[in-house]
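Since the structure comes first, as structure tokens, the remarks are kept for the end.
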Amino acid sequence: MNMHPEDYPLYRSQTAVLAAILRLVSRDGYLWHHLQTAPEDRILAALAKLHEKHLVLMDRRARSLRRKAGLPLAQAILGPEPRGGVWPLLLLADRKLPGETMRRVDQTPLRWPAWRKGTWLPTYELVRDERGRWTWRLVEAFHRELLEEALHHAHRGDWPRLVGHLKPMGNLPMFRGVWLQLQEIRRRVQALWGDRHLRDPGGQWKAPPWRKALEGWASRPLSPIGMRLHVEEGEDRPRTLGEWLERRKG
């Protein structure tokens, strides 16, 4: 059985999308990737075309039978919602597909975008950690941007801006690679503040400014295992692409 493009189940968040990709790569061997975008008003046609070429909308049983037969497997991953009139759309496969410009994740890192600065920009990079396990981390340019702004505010002693900069980072998808990068930012900022910022004129210890800044930060990395990926019944948001398009018309 194949689902119709309208029945494509939407992911509940950016974190859920990243978890789904991580599972497909690390657990199911989807090592080839090609990232593209599709206009909002052409998304059904884009999925239908990919399915016509590579059978990306098969159900689990059909996919299992195809795997047993040694035939190519492919899946399409949509972002949780479009921005700027386009959807991010990832084609994943267990081998290079004919007619597609694809790269292996262990040779050319898979970079998933986020909506930043009014456009889709590469933000998350799938890599192996020091243990050889796949994880997500922030692309170097974005990580450096976050670090440099944090150090700038810390050096100036501008605690309100520093707190305002650090606090939203707790909303980033805290996979192990991202979590470690944010811990590095925390350590660098705390080292720059130094003890001179922790005591009041009377010599009494004060609450460190970063304590408020780090409220909401995960104390440990999250795991994609068991994570709820798709929008579920009862939630006040579209569960499928078809439902999303219907609400858009309304």
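The values are calculated or read from the model by the stated rules, or taken from the named source; none is laboratory data. The model shown is predicted, which means the values in this text are computed figures rather than measured ones. Quick reminder, even Gly has a Cβ in these numbers, built from the backbone with ideal geometry, and neighbours come from all protein chains shown. With ligands, DNA and RNA removed, areas are computed over all heavy atoms of the protein, side chains included. Shrake-Rupley method; radii C 1.70, N 1.55, O 1.52, S 1.80 Å.
Go through segment 35-57 and count every residue that is outside any helix (DSSP H, G or I) and either at pLDDT below 95 or open to solvent by 50 Å² or more (accessible area, probe 1.4 Å) (or both).
First, the residues of segment 35-57 that are outside any helix (DSSP H, G or I): 35-39, 55-57.
Okay, now just the ones that are also either at pLDDT below 95 or open to solvent by 50 Å² or more (accessible area, probe 1.4 Å) (or both), so 35-37, 39, 55.
Qualifying residue count for the region: 5.
Between 71, 126, which is of a type in the set (A, V, I, L, M) and open to solvent by less than 70 Å² (accessible area, probe 1.4 Å)?
Step by step, each of 71, 126 is checked, and only 126 is of a type in the set (A, V, I, L, M) and open to solvent by less than 70 Å² (accessible area, probe 1.4 Å).
For segment 95-116, name all the residues that are open to solvent by 40 Å² or more (accessible area, probe 1.4 Å) and acidic (Asp, Glu).
The answer is 106, and nothing else.
Those residues that are under 25 Å from residue 107 (Cβ atoms) and free of Cβ contacts under 8 Å to residues at least 24 places away in the same chain, I need them from segment 1-46; list them, please.
Residue satisfying the conditions is 27 alone.
Can you tell me which residues in segment 110-146 are without any contact (Cβ under 8 Å) to a residue 60 or more places away in the chain and in a strand (DSSP E or B)?
115, 116, 119, 121, 122, 123, 125, 127, 128, 137, 138, listed by residue number.
Which members of segment 133-162 meet the condition of being closer than 28 Å to residue 16 by Cβ and buried (at least 16 other Cβ atoms within 10 Å of the Cβ)? Spell out the reasoning first.
Looking only at segment 133-162, we keep the residues that are closer than 28 Å to residue 16 by Cβ, and these are 133-147, 149-150.
The answer is 134, 135, 136, 137, 138, 139, 142, 143, 146, 147, 150.
Condition first: in contact (Cβ under 8 Å) with a residue 24 or more places away in the chain and either touching a strand residue (DSSP E or B) at 6+ places or on another chain (Cβ under 6 Å) or more than 21 Å from residue 246 (Cα to Cα) (or both). Now tell me which residues in segment 48-66 satisfy that.
50, 51, 53, 54, 55, 56, 57, 58, 59, 61, 62
Considering each of 19, 76 in turn, give the residue that is assigned to a helix (DSSP H, G or I), under 18 Å from the mean Cα position of the chain (by Cα), surrounded by 14 or more Cβ atoms within 10 Å (Cβ to Cβ) and of a type in the set (Gly, Ala, Ser).
19
Going through segment 147-172 one residue at a time, which ones are in a helix (DSSP H, G or I), more than 14 Å from residue 212 (Cα to Cα) and at pLDDT 90 or above?
Within segment 147-172, 147, 148, 149, 150, 151, 152, 153, 171 qualify.
Does residue 107 meet the test of being part of a strand (DSSP E or B), of a type outside the set (A, V, I, L, M, F, W, C) and under 24 Å from the mean Cα position of the chain (by Cα)?
no
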